[in-house]
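Following: one structure in structure tokens, then a few remarks.
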Amino acid sequence: MPYIVATETSLPTYYYDQQTLATTLRKYCQAIGLDIDLDIIDSLFHNTQIDGRYFAMPLDTFFDPPPFSTVAARCVEEAADLCEKTVRKLLAAAGIHSTEIHQFTSMLSTVVSVPTVDAILINRIEFAPTMKRVPINGLGCMAGVAGLSRVADYLKGHPTEAVILLTCELGGTAFWQGGVQGYLQEALDRDLTESSFYTDLVSQIVTVALFGDGVAATLMVGDEHPLARPGLPRVVDTRSGFLPDTLHVAGVDVLDNGFRNRLSVDVPGLAKTGLRPVLDPLLADHDLTVDQIGHWLIHPGGPKVLTATAEEFGLTDENLKLSQHVLRTVGNVSGPTVLYMMDETFSSYDLEPGTYGLVVGMGPGFSQEAVLLQW
């Protein structure tokens, strides 16, 4: 079974508390004369249960955002710097040299770069020229879980090798630097009493109330690698699920003024119906039940997603504690979020040998990913 050896994370420079962000959005709506109940902004930001979030670019230009091309280029620069910092920390923490990495798997959605960011890193860090590159784009919030799963599949066939899994998202910056402003400008010409448009407007506000920026990297090795040892979490098994005819539920559109998120109100309900056929067979194949899972790493898409998942599987507040903590302190950083939880697990949890854990995520598709771990 593949092992997770170490995890490291990094956050951008700029931090804003939730009230400051809500006030900025209120003032923008007032400045452009958008006739909506501004109290709904405060309510939606408060309901996320987030204290504050980190961004790669400051909000200094919020009232006059730069062109999308400028934002996109800046995001690539910031992402490369954050990723380099994170990977270097990971290599040092794991005690492995960069030339000993056999594969580099990277997961990104809102950082658009060709060649991809991993190629930039290879020009900054001395990796072996024969190292395999596997950039995977577009998985959004489930990217971290899917990355663990895909790397584990690879390592089962290459048990002596080591792989870096890198996840990076700057969705907070992407949505705040032109995307939400463009949408609110368009709203000036729309009938806000139209129920479908008003629902979409609320969805856009929820988007900028939830997402932040972040980077996380994990070192995984096969079970015959020298760094594989008892006490580390092992990937026992993985599962994927896909719900057809749900493309509208979650995703990101690229428009002239920036990125625009698609986040349907159906997500919490689909989290319940989609996860059941994924988790039940996974647990059954290993003669396990939900109450035998001692550690939960559920991607916190938002409080409603966590509540829906808890109701479906009978989870306790203790089961949700880690997800709620990460959501409160950094927000939803999309794909890297579950690896932030893994990093928190390494630093703050002392799990008994034999403890089972579940890493769970959902994202565009609409799809589900689950990874069964054992310590």
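Treating only the Cβ atoms of Lys and Arg (+1) and Asp and Glu (-1) as charged, compute the dipole magnitude of segment 248-375 about its Cα centre; round to the nearest 20 debye.
480 debye
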If unit charges are put on Cβ atoms (+1 for Lys and Arg, -1 for Asp and Glu) and the dipole of segment 1-136 is taken about its Cα centre, the option from Val87, Thr13, Thr23 lying farthest towards the positive end turns out to be Val87
Within segment 245-375, what whole-number % of the accessible surface is contributed by carbon and sulfur, with the 1.4 Å probe and all protein chains included in the calculation? 50 percent
Compare the peptides 278-286, 1-9, 26-34, 150-158 by average per-residue count of other Cβ atoms within 10 angstrom and give them in order, highest first. 1-9, 150-158, 278-286, 26-34
For segment 185-250 versus segment 342-366, the gap between their alpha-carbon centres in whole angstrom: 16 Å
Per residue, how many Å² of accessible area does segment 1-40 show with a 1.4 Å probe? 46 Å²
Contact order normalised by length for segment 243-299, with contacts defined as Cα pairs under 8 Å and 6 or more residues apart; what percent is it? 21 percent
How much accessible area per residue does segment 54-142 have, counting only protein heavy atoms and a probe of 1.4 Å, in square angstrom? 46 Å²
Label Asn123 and His286 with points 7 Å out from Cα along Cα→Cβ: what is the distance between them in nm? 4.1 nm
Whole number in Å², please: accessible area per residue of segment 155-279, 1.4 Å probe, ligands, DNA and RNA not counted. 38 Å²
State to the nearest 20 debye the size of the charge dipole of the chain about its Cα centre, where the only charges are +1 on K and R beta carbons and -1 on D and E beta carbons. 660 debye
Apportionment of accessible area to carbon and sulfur, segment 57-196, percent (1.4 Å): 53 percent
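Could you work out how much longer the chain between Asp35 and Glu318 gets when fully extended? Use 0.36 nm per residue separation minus the Cα distance between them, nm to one decimal.
Length difference between fully extended and current span is 97.7 nm.
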Percent carbon-and-sulfur accessible area, segment 1-46, ignoring ligands, DNA and RNA, probe 1.4 Å: 46 percent
Would you work out which of Ser264, Leu232, Thr218 lies farthest towards the positive end of the dipole of segment 193-269, given +1 charges on the beta-carbon of Lys and Arg and -1 on that of Asp and Glu, about the Cα centre? Leu232
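The values are calculated or read from the model by the stated rules, or taken from the named source; none is laboratory data. This one's a predicted model, so the numbers in the text were calculated from it and none came from an experiment. Here the Cβ is made from the backbone with ideal geometry for all residues, glycine too, and neighbour counts use every protein chain on show. Remember, those area values only see protein heavy atoms, side chains included, never the ligands or the DNA or RNA. Shrake-Rupley method; radii C 1.70, N 1.55, O 1.52, S 1.80 Å.
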